[in-house]
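Step one of this worksheet: look at the structure below.
Values quoted throughout were computed directly from the atomic coordinates according to the rules given, and no laboratory measurement underlies them. What you see is a predicted model, and the numbers here were worked out from it, not measured in a lab. Every residue, glycine as well, gets a Cβ built from its backbone with ideal geometry; the counts of neighbours run over all protein chains shown.
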Amino acid sequence: MPNIYLDWASTAPPHIDILETALRAAAADPANPSSIHAGGKSARAVFEKARDGLAACLGTEPCKVFFTSGGSEADAIPILALLRRRRAGSIVLSAIEHPAAFEQALVLERFGWKVRIVKPGPNGILDPGALVQAVEQDTELVICMAVNNETGAIQPVARLAEALSGIAGKRPRLVCDAVQALGKIPFDPERLGVDCASFSAHKIGGPRGIGALYSRTPIESLMVGGGQERGVRPGTENLQGAVGFALASARSVNGLEESRLRARDLMERLLVGIRSISGALAMPPSRSPCDDRFSPWLASLSFPGLAAETTVRLMSDSGYFLSAGSACSSGKKERRVLDAMGIPEELSLASVRVSIGPATTTDEIDGALAAFDEIYHRYKT
């Protein structure tokens, strides 16, 4: 039986050579990077070199990059920072955000903040005009992700930033979850005009437990402690993680164009194959095999009459590993993203996510399609 991994959007298999290099770097400089003795200064130099490397991949200055424990924490920092304000205001939030951002916004709501939620169109893509229209005089943040982690829909971040710049008076800050963008599609926070963006190493073959926050301007975090990361994210620095993140970012960004074209061919093969399975369809149904409005690295597929969890289990039994939506939402019966798109429940609850990576092959896609076909027509109700 094969063991075919088609859940790269949850976590990418790590680059073993990068993990080993990062471990050796941390072992060679075992001191705390915040210590003022010679050992600490040596570790600090390695840590800052990693920051320089990651900043170069993002096309920005190192002073705008802050290491965090992961993408979720990077999402939370600029959102929860609003709790430092004396008066509650409002934020605008897309309905398709990752739980790491969506749930933080609901925390603000419990503290008196007004949260205005904007739904996407049926294709899962947000209208910048609708988001701007939701902005009020007291709006502090507009939260819109770069690539949706369930459907792969690429959001018009640059157009949104431009539209926000035209608002009279105080411009809200634009916060962008870019976890599914880094190393997968071109993403330059400076060029796009976002104020904050979050990233995660383990989505691109780096170590787990390390992420990063880009912030165009200084940010006063709600978190307090030892003052590390200029007070934005206190806590002893993860030297091994930072080195691994920088190396994984460089590898994925430098090889982006070649890997993206290859992923597009594989995704086209998958979506064309799904169309040949009677009753099965992509989510949204309007997504075509060569639709550049979607990331070529992931797709949502629906098998009406067969619950998503059942499909995932049966595919796993056949040696193909995928997921039922976001890994961070596993076990939940609702499908918030698909529901916000207006997808009928019989399709949303039957939808699974297939996500690919640089090591995925055409044989693996063909094998998955054959397994989908057999399982669906054998077990659907």
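At a glance:
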quantity	calculated
Selection status of ARG262, basic (Lys, Arg) and under 22 Å from the mean Cα position of the chain (by Cα)	yes
Residue, nearest to ALA153 (Cα to Cα), within segment 110-128, restricted to residues that are surrounded by fewer than 14 Cβ atoms within 10 Å (Cβ to Cβ) and out of contact with any Leu (no Cβ under 9 Å at 6 or more places or on another chain)	PRO122
Filtered residues of segment 174-216 (kept if of a type in the set (A, V, I, L, M, F, W, C) and more than 19 Å from ALA246 (Cβ to Cβ))	LEU174, VAL175, CYS176, ILE185, LEU192, VAL194, CYS196
Sole residue being in contact (Cβ under 8 Å) with a residue 40 or more places away in the chain and of a type in the set (D, E, K, R), chosen from LYS170, LYS184	LYS184
Residue check, LEU261 in contact (Cβ under 8 Å) with a residue 60 or more places away in the chain and either touching a strand residue (DSSP E or B) at 6+ places or on another chain (Cβ under 7 Å) or of a type outside the set (Phe, Trp, Tyr) (or both)	no
Test: residue in segment 112-125 that is of a type in the set (Phe, Trp, Tyr), farther than 25 Å from ASP291 by Cβ and touching a residue at least 24 places away in the same chain (Cβ under 8 Å)	yes
Filter result (in contact (Cβ under 8 Å) with a residue 40 or more places away in the chain and in contact with a helix residue (DSSP H, G or I) (Cβ under 7 Å, 6 or more places away or on another chain)) within segment 99-111	PRO99, ALA100, ALA101
The listed residue being closer than 21 Å to PRO13 by Cβ, buried (at least 22 other Cβ atoms within 10 Å of the Cβ) and among the aliphatic types (A, V, I, L, M), out of ILE343, ILE356	ILE356
